[in-house]
Amino acid sequence: MSIENSPVILVVDDSPDTVSMLNDALDSAGYTVLVALSGTQALSVIRKITPDLILMDVMMPGKDGFATCQELKSDPLLRDVPLIFMTGRDSEEVMSSSFDFGAVDYIQKPIRLEELTRRIRQHIERARALHDSRHMLDDNGIISCIADASGKIAWCTPKFYELLASCGYSRLSLLSDFQPLLRKWLEKARVKDQLS
């Protein structure tokens, strides 16, 4: 995750001026900065290095920020990487869509750097606490999974993935095969509770 204990931030924006400004500001704040100028390039970078946080422009040519975020969040290994959207548009729709697609936050352009660095620090601290909690449970042999009523898995320990693998489920089949099965179990449990 981190390179030499310096949190890694992936900046994804098609504007060289914005990328340069963010690179300088984040580097001065002690972060290691990776850069991608498109959603497709961001996905390529992430296959090589998993950042501690992603800072992504919403509006980009080709694969926009929402489509890129959706693809990232569909991968269980990347689901917990915090993503902050940057946008020049001030609308309820953009704000709502940001959270619907899996972002932890969004910030409006022009970017106020002090506010941005504070938000980045808070989201990285939360993500690390979640990561540490997951591994603490795992180290103690506790297999845990949190899912919503529809069977969508929000969080689970690494041991949970091992258990699934021993039952023939890969991480990728988690979404297509296991979630519908989990949804059926939850529905049966709800019906049973209502009948009791």
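The values are calculated or read from the model by the stated rules, or taken from the named source; none is laboratory data. Only a predicted model underlies this, so the values are computations on that prediction, with no experimental measurement involved. Neighbour counts run over all protein chains shown; Cβ positions are idealised from the backbone, glycine included. Just the protein is used for accessible areas: all its heavy atoms, side chains included, with ligands, DNA and RNA removed. Shrake-Rupley method; radii C 1.70, N 1.55, O 1.52, S 1.80 Å.
Over the chain, what relative contact order in percent results from Cα pairs under 8 Å that are six or more residues apart?
On the way: 258 pairs, mean separation 26.4, N = 196.
That works out to 13 percent.
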| remark: Simple spin-label estimate for SER28/GLN122, 7 Å along Cα→Cβ, in nm, reads 2.2 nm
| What is the distance, in nm, between label points placed 7 Å from the Cα along the Cα-to-Cβ direction at LEU77 and at LYS184? | 2.9 nm
| request: Would you mind giving the three semi-axes, in whole Å and largest first, of the ellipsoid equivalent to the chain according to its Cα gyration tensor? | output: 33, 20, 15
| Fully extended contour minus Cα-Cα distance, from MET136 to VAL191, at 0.36 nm per residue | 16.4 nm
| Over the heavy atoms of PHE160, what accessible area does a 1.4 Å probe trace out, to the nearest 10 Å²? | 20 Å²
| message | For SER74, SER144, give me the order by solvent-accessible area with a 1.4 Å probe, most accessible first, ignoring ligands, DNA and RNA. | response | SER74, SER144
| field | Label-point separation in nm, ALA67 to ASP17, each point 7 Å along Cα→Cβ | value | 2.6 nm
| said: Taking the 0 to 90 degree range and rounding to the nearest ten, how far is the long axis of helix 16-28 tilted relative to the main principal axis of the chain, both from C-alpha atoms? | reply: 80 degrees
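What fraction, in whole percent, of alpha-carbon pairs in the range 116-196 exceed 20 Å separation? Spell out each step's value before the answer.
On the way: 1574 of 3240 pairs.
Percentage above 20 Å: 49.
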| query | Between the range 63-91 and the range 126-158, how many Å separate their Cα centres? | reply | 21 Å
